[in-house]
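In what follows, a structure is listed as structure tokens, so that the remarks can point back to it.
Derivation of every value follows stated rules applied to the coordinates shown; laboratory data play no part. A quick note: this is a predicted structure, and the numbers were derived from the prediction, not measured. With ideal geometry, Cβ positions are generated from the backbone for all residues, glycine too; neighbour counts draw on all protein chains shown.
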Amino acid sequence: MAEIEPKFFRKNFKDLFIALSPIVAKDDYTNSTIRHQPVEFFVTVVERLPAVVKKDLDTLKALLDLVFKLMIDIDTDIDESWMRPKEGFKADEEEEDEDSVHFGKTCVDRLVSSIGDEIMLPLLSTLVQATLANNDDWRYKNAGLMALSQVGEYLDDIQKIAPMVPVVIQHLQHPNPKIRYAAIHCIGQMADDMTEDFQETFHESVLPALA
């Protein structure tokens, strides 16, 4: 319904947001992807009617909080099979818990695409900085780096991302392998999305860190 008739939900979007958001907070479902469904609904409506949150930034902030909650609320243990994958392993075959990270990244991408970087970048920057500052739980840094990896595609000026690049590079040396993976993924995605500009601007710091 959200895809075909999004205007049907415009008048009561805030009420629906308040009513459905608690589903995301529940963590006792047998199928964890049930928690994705309210967020998928919200993002689908926002993609088609960005004005419902452009005029209500508090709801947009709350939606981003839900996305980050899903990305953070994954298994704390790092599976041995992830540490030593079998030959031929592909990223899309990761364990189900990682699906929430992939889902969250996709939501961030869709929101930036539909709302624009002028509104989204300051909000994302605040959330990313808060998650990267958390030194007690690796899942926060992982979520922040993965979310940050999605914004480069939509930036028209490389300097908008410049302050965050040294922070990402710093995490390439983190003792936790998930965070190192997230940092290198973030560098790779930004380098791909901002080809030439990224390489010319940051090669002197990025290449030694990768080596």
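For Ile23 and Glu153, what is the calculated FRET efficiency with R₀ set at 30 Å and r taken between the beta-carbons, to the nearest 0.05?
Working: r = 30 Å, r/R0 = 0.99.
About 0.50, to the nearest 0.05.
Based on the Cβ-Cβ distance from Asp79 to Glu40, what FRET efficiency comes out when R0 is 35 Å, to the nearest 0.05? Kindly include the intermediate steps, with their values, before the conclusion.
Working: r = 26 Å, r/R0 = 0.74.
For Asp79 and Glu40, the calculated efficiency is 0.85.
Considering Cα pairs under 8 angstrom that are at least six residues apart, work out the relative contact order of the chain and quote it in whole percent.
On the way: 196 pairs, mean separation 34.2, N = 211.
In percent, rounded to a whole number, it is 16.
Work out how much length Lys11 to Ala133 would gain on full extension: take 0.36 nm times their residue separation and subtract the Cα-Cα distance, in nm to one decimal. Write out the running numbers ahead of the final one.
Numbers: separation 122, 0.36 × 122 = 43.92 nm, distance 3.78 nm.
Length gained, Lys11 through Ala133: 40.1 nm.
To the nearest 0.05, how large is the calculated FRET efficiency for His102 and Ile4 if R₀ is 30 Å and r is the Cβ-Cβ distance? Don't skip to the end; give the middle numbers.
Details: r = 25 Å, r/R0 = 0.84.
Using R0 = 30 Å, I get an efficiency of 0.75.
How big is D, in µm² s⁻¹, for region 133-211 by Stokes-Einstein at 37 °C and 0.692 mPa s if Rh is the Kirkwood radius over C-alpha pairs? Write out the running numbers ahead of the final one.
On the way: Rh = 12.6 Å.
The diffusion coefficient I find is 261 µm²/s.
What's the exposure ranking of Thr30, Thr195, Thr131, going from fewest to most Cβ atoms within 10 Å?
Working: Thr30 5, Thr195 11, Thr131 22.
Fewest-to-most Cβ neighbours within 10 Å comes out as Thr30, Thr195, Thr131.
Here are several values of Rg and Dmax of the Cα atoms in Å: (1) 17.6, 53; (2) 15.7, 45; (3) 16.7, 48. Which one was derived from the coordinates shown?
(1)
Taking a threshold of 21 Å on the Cα-Cα distance, which of the pairs Lys11/Lys105; Lys11/Lys55; Lys11/Lys69; Lys55/Lys141 fall above it?
Pairs exceeding the cut-off: Lys11/Lys105; Lys11/Lys69; Lys55/Lys141.
Using the crude model of +1 on Lys and Arg Cβ and -1 on Asp and Glu Cβ, and no other charge, please compute the dipole size for the chain relative to its Cα centre, in debye to 20. All intermediate terms of the calculation are to be shown ahead of the outcome.
Values: 21 positive and 38 negative charges, 161 e Å.
Magnitude of the dipole: close to 780 debye.
Whole-Hz ³J(HN,Hα) for each residue in region 17-33, computed from phi via Karplus 6.51 cos²θ - 1.76 cosθ + 1.60 with θ = phi - 60°, x for glycine and proline: what do you get?
For region 17-33, the Karplus-derived couplings read 4, 5, 6, 8, 4, x, 4, 5, 6, 6, 10, 10, 6, 5, 9, 5, 6 Hz, x marking Gly and Pro.
If I model a spin label at Thr201 and Ala51 as a point 7 Å from the Cα along the Cα→Cβ vector, what separation in nanometres do I get?
3.3 nm
Between region 18-66 and region 67-88, what's the alpha-carbon centroid distance in Å?
That distance is 23 Å.
Taking the Cβ of Lys11 as the center, what net charge do the other residues with Cβ under 14 Å away carry, scoring Lys and Arg +1 and Asp and Glu -1?
Values: positive: Lys7, Arg10, Lys14, Lys55; negative: Glu5, Asp15, Asp56.
Its environment carries a net charge of +1.
Just to be sure I follow the definition: excluding the sites themselves, where is the longest run in the chain that has none of the chymotrypsin sites (Phe, Trp or Tyr not before Pro) in a DSSP loop with at most 15 other Cβ atoms within 10 Å? Please report the intermediate quantities before stating the final value.
Working: sites that count: Tyr29, Phe89.
Within the chain, the longest run free of exposed chymotrypsin sites (Phe, Trp or Tyr not before Pro) spans 90-211.
Between Ile78, Ile187, Ile23, where does the largest GNM mean-square fluctuation fall for the chain, given springs only between Cα atoms within less than 10 Å?
With Cα springs under 10 Å in the chain, the top fluctuation among Ile78, Ile187, Ile23 is at Ile78.
Select from Val112, Val167, Val128 the residue whose mean-square fluctuation is largest in a Gaussian network model of the chain (Cα-Cα springs shorter than 10 Å).
Checking each option, the largest mean-square fluctuation is seen for Val167.
For region 58-67, what does the Karplus curve 6.51 cos²θ - 1.76 cosθ + 1.60, with θ = phi - 60°, yield as ³J(HN,Hα) per residue in whole Hz, taken in order and with x for Gly and Pro?
5, 5, 4, 4, 5, 5, 5, 4, 5, 4
Output ³J(HN,Hα) for region 139-151: one whole-Hz value per residue in order, computed from phi by the Karplus curve 6.51 cos²θ - 1.76 cosθ + 1.60 with θ = phi - 60°, and x for Gly and Pro.
5, 5, 4, 4, 5, x, 5, 5, 5, 4, 5, 8, 8
Going by C-beta contacts inside 10 Å, put Met194, Met146 in order with the fewest on the left.
Details: Met194 20, Met146 25.
Least to most surrounded, the residues fall as Met194, Met146.
Go through region 105-211 and name the GluC sites (Glu not before Pro) that are in a DSSP coil and have 11 or fewer other Cβ atoms within 10 Å of their Cβ.
Details: sites: Glu118, Glu153, Glu196, Glu200, Glu204; in loops: Glu196.
When the GluC sites (Glu not before Pro) of region 105-211 are filtered for loop state and at most 11 Cβ neighbours within 10 Å, Glu196 remain.
Compare the peptides 104-111, 120-127 by average per-residue count of other Cβ atoms within 10 angstrom and give them in order, highest first.
On the way: 104-111: 21.1, 120-127: 17.0.
Top of the packing list down: 104-111, 120-127.
In deg cm²/dmol, rounded to 500, what helix-only [θ] at 222 nm does the chain give when every DSSP H run of at least 4 residues adds -39500 (n - 2.57) and the total is split over its residues? Mind dumping the intermediate values first?
Working: 11 runs with 131 residues, N = 211.
Calculated mean residue ellipticity at 222 nm is -19000 deg cm²/dmol.
Within a 10 angstrom radius of the beta carbon, how do Thr201, Thr33 rank from fewest other beta carbons to most?
Neighbour counts put them in this order, fewest first: Thr33, Thr201.
Out of region 2-73, which trypsin sites (Lys or Arg not before Pro) are coil in DSSP terms and have no more than 14 other C-beta atoms within 10 Å?
Listed in order of number, the matching sites are Arg10, Lys11, Lys26, Lys55.
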